[in-house]
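Engineer: Below is the structure I would like to discuss, written out as structure tokens.
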Amino acid sequence: MKNLMIITLILLGLGSVQISNAQTSTEKKLKEIKARKTIAKAMVEDGNLNTMEREAEVGEDPCTLYDDSEWYTAFNQKEGRRGDPKLATALLQQCKLLLQEKIGGAYKRVTKDYFDQMDVDTQSAAVSHIESAGEMTVEKILNDVLTYCQKTSNPDDRGNIIMYMGIRISKQEIIDKVVKELSKDKELGVRFNEEKFRESAFKVFDMDK
């Protein structure tokens, strides 16, 4: 009986140590998260990151953007020489390509849902026309998109910097401009149902978050 009590006390003691260790580990993680948030808040000043902040692990790069109920977004980074006018141009083009791929895939899902609603033969000329008109409209919107976020690091030992960039496009703007294009275009006698198209677009673009 005495031995059983001793064993029980030992097990309880070990359990307490494990709980204490777990709490200590959790506290350390919370401190790390708080430290990262503190660095992130102080990260950007006049569009530049100082060397210490740039090298710190803050979890996310500057200009990191995420899609939401209003916007489609894209972001990227590129290393180059400070003052190189081509750096921002090349990075903007990369971001546009990422956004074009994302929106293009979404638009294909919109048209598929729309055609299913309207019970349209997917091999018909009407389908091809609606798809191509929408793709051209999206391309025009992308051509005019401007940089939404742009940050640069301080130069490293080689004189190179890292440029961060993010762009975004309004989901509502995409829908409105595509609808306008399709509504005014009577080619091939397409009978375009705006209400059904908007319904498909809102659903696929997930605009009800």
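Engineer: Of the peptides 84-93, 67-76, how do they stack up when ordered by the mean number of other Cβ atoms within 10 Å, highest first? Before the final figure, lay out each step's value.
Structural biologist: Working: 84-93: 14.0, 67-76: 17.9.
Per-residue mean Cβ counts within 10 Å order the peptides as 67-76, 84-93.
Engineer: Among 149, 95, 63, rank each residue by its count of other Cβ atoms within 10 Å, from fewest to most, as a rough exposure measure. List each step's numbers first, then the result.
Structural biologist: On the way: 149 17, 95 26, 63 22.
Lowest to highest Cβ neighbour count: 149, 63, 95.
Engineer: Around residue 137, under 9 Å between beta carbons, what's the net of Lys plus Arg minus Asp minus Glu among the other residues?
Structural biologist: Details: positive: 140, 177, 180; negative: 135, 139, 181.
Overall, the nearby charge balance is 0.
Engineer: Okay, moving on. What is the diffusion coefficient of segment 71-147 in µm²/s, taking the Kirkwood radius over Cα pairs and the Stokes-Einstein relation at 37 °C with a viscosity of 0.692 mPa s? Could you put the intermediate results ahead of the total?
Structural biologist: Values: Rh = 14.5 Å.
Rounded to a whole number, D works out at 227 µm²/s.
Engineer: Can you run phi through the Karplus equation (6.51, -1.76, 1.60; θ = phi - 60°) for segment 98-106 and list ³J(HN,Hα) in whole Hz, with x for Gly and Pro?
Structural biologist: 5, 5, 4, 5, 5, 5, x, x, 5
Engineer: When Lys and Arg each count +1 and Asp and Glu each count -1, what net charge do the other residues less than 11 Å away from residue 72, Cβ to Cβ, add up to?
Structural biologist: Numbers: positive: 102, 168, 171; negative: 67, 68, 70, 101, 173, 206.
Result for the neighbourhood of residue 72: -3.
Engineer: Can you compute 3J(HN,Hα) from phi for each residue in segment 178-183, using the Karplus curve 6.51 cos²θ - 1.76 cosθ + 1.60 with θ = phi - 60°, rounded to whole Hz and x for Gly and Pro?
Structural biologist: After applying 6.51 cos²θ - 1.76 cosθ + 1.60, I find 5, 4, 4, 5, 6, 5 Hz.
Engineer: Which far-off residues, 5 or more places away or on another chain, put their amide H under 5 Å from the one on residue 82, with H placed in the peptide plane?
Structural biologist: 161
Bear in mind that the values in this text are calculations on the coordinates, not laboratory data. Predicted model, so just to flag it, every value in this text is computed and none were measured. Glycine gets a Cβ as well: all are built from the backbone with ideal geometry, and neighbour counts include every protein chain shown.
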